[in-house]
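Report on the following structure.
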Amino acid sequence: MLVDLEQKLQKVLEEQGADACKQIVLKDLGESPEEQRLRSYFLAKALMWSSDYLGAVSILKKLEREGKAHISVLGDLACCYYFLGDIIACRSTLKELEDRYEKVFFLLSRESRLRTLSLMAKFYEEFGRISLALLTYEKIISEFDLLKENKRVYLSISHWVRVASEFLPRTHWMDRYCELKSVRSQWESHISIEVEHSLFLAEIYGYGLPEALIRLNNRISLESLVEEDRDLFYHEWLLAWLQEDDQTVTNLPEALLKWTPQSVDDQILKFCALQDRKSLEALSDRRNELMPAAKLRLNPLLQHRSLGFNRQVLNDEVQVALNNLSDDERQLWKKRISKHLVKEIGITISLDLQRKELNSSLAKVSLSRRPTSYELCCCFIENKSWSVDSLIEKMWPHGRGEESFFHRLRMQLNRLNQSFFELTGQAHLILLQDKKVTFLGDLIEKRDSYEN
C-alpha cells in the first residue's frame, strides 16, 4: 500500500506540481512512523519543486538524523546544496552518497539503483570527474540493458554520448551517436530535448559548429522551444563560438545577441562574447556558485580574452579544480582546454609574518594559535627539503633521535598538509618518506603589511 502511495505521489509531483502533492500528503497519509516519514519526504520534494531549497534541506537533514532514511534523501540533499550554490556541502554529501550506495546497493530495487547511479554520474560531471562519469553511465547502460524502456537508461546513453564527444576521439563514440540518432524519434518530447542536446554537442565536436547548426535546424526549431530548453542549446552554441579564433562582437550570431541568459555561467559567456568588462566585474561575487567543471570551461576563455577578472585568481581556480581530479581526468581536461589555457602557474602561498597567517588567492588560514605549524612554514621558506633528524632538531633542539618527536612531527605535518589543501586544493604538498621531508609547493614570506 505504501509503495503504491509513494509511486502515486511521485507521479503527481512530476505531472501536477508541488501544490497538488502537498494536498495528497496532508490528506491521505496517516500517523504510522512509515507514513510520517513519507509525509516529511514528499513535503521536502514539494519544497524542492517550489525552489525552497533551504526549507527542503531542513526536512531532509532531520530525516537523516533520525536514521533509517532511504538513500534518495542523501541524493536530494546533494541536489539542494547544488542549487543553493554550496559546493563544499554538495561535495561532502556526494561522498556520503557514494559510501552509502556501496553499503546498501544490493538491498535497493532496480529503480532505486538506477536513479542513484544516474544522479551520481551527473554530479561527477559537475565536479569534472569525467572518467568516473563515463564509467557510471556505462555501468547503467550495461547493467540495465534489459530495461531500455526506462527513460533513465535512454538518458544515460544520451549523457554518455554528450560527455564522450567532448573529451574522447570520434572513433570512441561515433557508433553510439549513430544508435542514438536512429532511435531518437521513439522518445517522449521531454526526453528528446536532452537527447537533441547530446546530439548537438556531439556534432559540434565531431563535425564543427557550422555543420552542427545545420543538422540541428533540420531536426528542431530552437525558437519553438521553451526558454529553459532553448538555453541548453544557446549555451553550447556560444561556448563553441567563443572557442573559435578571431571571434568578435561584430560577427556574433543574431540569435545569441538577442539571448537573455539566466544562469551565472550563461551570463558570463554572453558578457565574454560582448566583451562587456563592466558586467563581468559585477558578477565577481557570484562566481563562487560555479561548479568546478564550469570553471574549467570558462576560466581559460576569460584568461585568454583578459576580461573582467584577476588572471591569477582565474589560474588558481583552474589549478584547484585540476588538483582534485585523478591523473587521467586531469589529462582529459588539459587536452580539452589546452587551446586557451594560459601557461600553468603554481598556486603561490604566502606566510604573513605579522598576522601569522597563510594566504593564497583563494583562501586564508590563521596560524596564530598553531605555533608549531608556523615554525614549520618558516622552515620551508628557508629550505624546501629537510632530513627528518635535522628538521626535528630545528623544531625541538633536544628531540633528535627520539621516537616520540618523530610521531609529533608526522602529526604536525599531516595537519599542515590539510591547511595547504584548503589553500590550493592540492593534497600532499608535504611529503614524508625515506627519512626526508619535502615541500612541493611555492611558499613565500610576506613581511609586515604596514611597512609600506
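The values are calculated or read from the model by the stated rules, or taken from the named source; none is laboratory data. Every value quoted in this text rests on a predicted model; they were computed, and no experiment measured them. Backbone-built Cβ (ideal geometry, glycine too); neighbour counts: all protein chains shown.
Summary of values
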| quantity | calculated |
| --- | --- |
| Neighbours by Cβ (under 6 Å, 6+ apart or cross-chain): first from the stretch 74-102, under 21 Å from residue 113 (Cβ atoms); second loosely packed, with under 15 Cβ neighbours inside 10 Å and aromatic (Phe, Trp, Tyr) | none |
| Residue match in the stretch 345-357 (condition: more than 30 Å from residue 287 (Cα to Cα), surrounded by 15 or more Cβ atoms within 10 Å (Cβ to Cβ) and charged (D, E, K, R)) | no |
| Options 182, 156, 192: the member that is in a helix (DSSP H, G or I) and either touching a Lys or Arg at 6+ places or on another chain (Cβ under 8 Å) or at pLDDT 90 or above (or both) | 192 |
| Test result for residue 282, surrounded by fewer than 17 Cβ atoms within 10 Å (Cβ to Cβ), closer than 25 Å to residue 319 by Cα and small (Gly, Ala, Ser) | yes |
| Residues (among the small types (Gly, Ala, Ser) and either in contact with a Pro (Cβ under 8 Å, 6 or more places away or on another chain) or at positive phi (or both)) located in the stretch 290-321 | 306, 308, 321 |
| Candidates 368, 373, 387 - the one that is of a type in the set (Gly, Ala, Ser) and surrounded by 17 or more Cβ atoms within 10 Å (Cβ to Cβ) | 373 |
| Condition met for residue 211 (at pLDDT below 90 and more than 14 Å from residue 195 (Cα to Cα)) | no |
| Helices (runs of 4 or more DSSP H) wholly inside the stretch 67-148 containing at least 1 residues that are more than 29 Å from residue 333 (Cα to Cα) and either in contact with a Cys (Cβ under 7 Å, 6 or more places away or on another chain) or of a type in the set (A, V, I, L, M) (or both) | 71-84, 87-104 |
| Qualifying positions in the stretch 216-228 - surrounded by fewer than 17 Cβ atoms within 10 Å (Cβ to Cβ) and under 23 Å from residue 174 (Cα atoms) | 217, 218, 219, 220 |
| Residue 59 being over 15 Å from residue 43 (Cβ atoms) and either among the basic types (Lys, Arg) or modelled with pLDDT under 95 (or both) | no |
| Count of the stretch 389-426 residues which are within 30 Å of residue 325 (Cα to Cα) and in contact (Cβ under 8 Å) with a residue 12 or more places away in the chain | 14 |
| Any hit, the stretch 323-332, residues being more than 30 Å from residue 432 (Cβ to Cβ) and at pLDDT 90 or above | yes |
| Qualifying residue in the stretch 115-135 (condition: surrounded by fewer than 17 Cβ atoms within 10 Å (Cβ to Cβ) and within 18 Å of residue 324 (Cβ to Cβ)) | yes |
| Top-ranked residue of the stretch 229-268 - restricted to ones that are farther than 25 Å from residue 206 by Cα and either among the charged types (D, E, K, R) or crowded, with 17+ Cβ neighbours inside 10 Å (or both), ranked as farthest from the chain's Cα centre (by Cα) | 258 |
| Counted residues, the stretch 364-390 - those being out of contact with any strand residue (DSSP E or B) (no Cβ under 8 Å at 6 or more places or on another chain) and of a type in the set (Gly, Ala, Ser) | 2 |
| Odd one out for residue 246, checked against (1) farther than 24 Å from residue 229 by Cα; (2) touching a helix residue (DSSP H, G or I) at 6+ places or on another chain (Cβ under 6 Å); (3) outside any helix (DSSP H, G or I) | (2) |
